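The values are calculated or read from the model by the stated rules, or taken from the named source; none is laboratory data. Not measured: the values here are computed from a predicted model. No Cβ is skipped: glycine too gets one built from the backbone with ideal geometry, and neighbour counts run over all protein chains shown. Side chains are part of the model used for accessible areas, which takes the heavy atoms of the whole protein and leaves out ligands, DNA and RNA. Shrake-Rupley method; radii C 1.70, N 1.55, O 1.52, S 1.80 Å.
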Amino acid sequence: MSKGSLVSGIKPSKNFCLKSTAEENDNIFPPAAALVNGEYCLLSGSEAEEYYIVQAESTAGALNMAVILHGALCITELAKLAVICKEHSIDTAQIDAFSQYNIKGRQGFQTLEAVDAYPEALKKYLTAKDIPLKTLAVFNKLNEDCKKYVVDAVAARELSVGDFRNLVNLLFDMMPKIKPEDMQGNIIKNLSAKKDRAGTAFSDKLKELTERFPLTVSSPDNFETGRLVFSFTAESAEEFMEIITKTSEESNTSKLKKIYGFLDEQNIS
């Protein structure tokens, strides 16, 4: 069979179409399919009586052709691409689009696979908004009530990218402290006020624990993790050794354990 033939009477066994909706696929005519080891893979369009057939050396090669025919990919289409790879055991390293869109690592692909199963209202929103994959990874960690609130929010109004990111991060940060009454009315206002109070209480407690500690204690990632930076300034070797010795005193090692214990209590690790 020559490359670029129009063929009728076949039925592709694999669907590699990446369009977001069936309606978009119906607008592509004639649909394209790739022949791979005697098997037809649909690359664009939908089922029809006649197909434009091209040759491909592998299923990964056929999928790359589908991406080329499709053009630029939004996040939901990248998600569909990841699911196709998983369903057909295609090595994602062989799919050019993933490196092009900087998708890498196990978590990145797990996040994409989760996106493919999102409610339609959220997927429709994501086709129009450039939401970072990192934000969607945080969304995936929300409980079902919080996820539903986000889905309802994007269905009810046009959230900006910043609003979406702030909402997801706020829900994630406050999720352990959210009560049923917080979900009524203006949840952003309710949780922001609660977060402010919690933040003040956190700062006050940390200040209390680090007071008179011989080292300055700071967080390199704003307490997203339990990593802390301990620092001090010395104007002489004698002062240096004095601070080191003081840090090793039992009272200060006890304070150090209390600092990390407090972070554990806040689920910061």
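Counting only residues that are part of a loop (DSSP other than H, G, I, E, B) and open to solvent by 70 Å² or more (accessible area, probe 1.4 Å), which one in region 130-177 is modelled with the lowest pLDDT? Full working, then the answer.
Initially, region 130-177 is screened for residues part of a loop (DSSP other than H, G, I, E, B), giving 130-132, 140-143, 157-160.
From the residues that got through so far, the ones that are open to solvent by 70 Å² or more (accessible area, probe 1.4 Å) too are 130, 141, 157-158.
Numbers: Asp130: 90, Lys141: 92, Arg157: 84, Glu158: 81.
Looking at residues that are part of a loop (DSSP other than H, G, I, E, B) and open to solvent by 70 Å² or more (accessible area, probe 1.4 Å), I get Glu158.
Looking at this structure, is Ile68 closer than 28 Å to Pro132 by Cβ, surrounded by fewer than 20 Cβ atoms within 10 Å (Cβ to Cβ) and not assigned by the TED database to the domain that holds Lys123? Yes; evaluated as a whole, the condition is true for this residue.
Taken over region 97-120, the criterion of being open to solvent by 90 Å² or more (accessible area, probe 1.4 Å) and either assigned to a helix (DSSP H, G or I) or at positive phi (or both) is satisfied by Ser99, Gln100, Asn102, Arg106, Gln107, Gln110, Glu120. All of (1) hydroxyl-bearing (Ser, Thr, Tyr); (2) at pLDDT 95 or above; (3) in contact with a strand residue (DSSP E or B) (Cβ under 7 Å, 6 or more places away or on another chain) hold for Tyr118 with one exception: (3). Do we have any residue at all in region 44-52 that's farther than 30 Å from Lys148 by Cβ, without any contact (Cβ under 8 Å) to a residue 40 or more places away in the chain and surrounded by 20 or more Cβ atoms within 10 Å (Cβ to Cβ)? The answer is yes, given that some residue of region 44-52 is farther than 30 Å from Lys148 by Cβ, without any contact (Cβ under 8 Å) to a residue 40 or more places away in the chain and surrounded by 20 or more Cβ atoms within 10 Å (Cβ to Cβ).
When you scan region 237-253, how many residues do you find that are polar (S, T, N, Q) and either without any contact (Cβ under 8 Å) to a residue 24 or more places away in the chain or in a loop (DSSP other than H, G, I, E, B) (or both)?
Step one: filter region 237-253 for residues polar (S, T, N, Q), giving 245, 247-248, 251-253.
If we keep only those that are either without any contact (Cβ under 8 Å) to a residue 24 or more places away in the chain or in a loop (DSSP other than H, G, I, E, B) (or both) as well, we get 245, 248, 251, 253.
Number of matching residues: 4.
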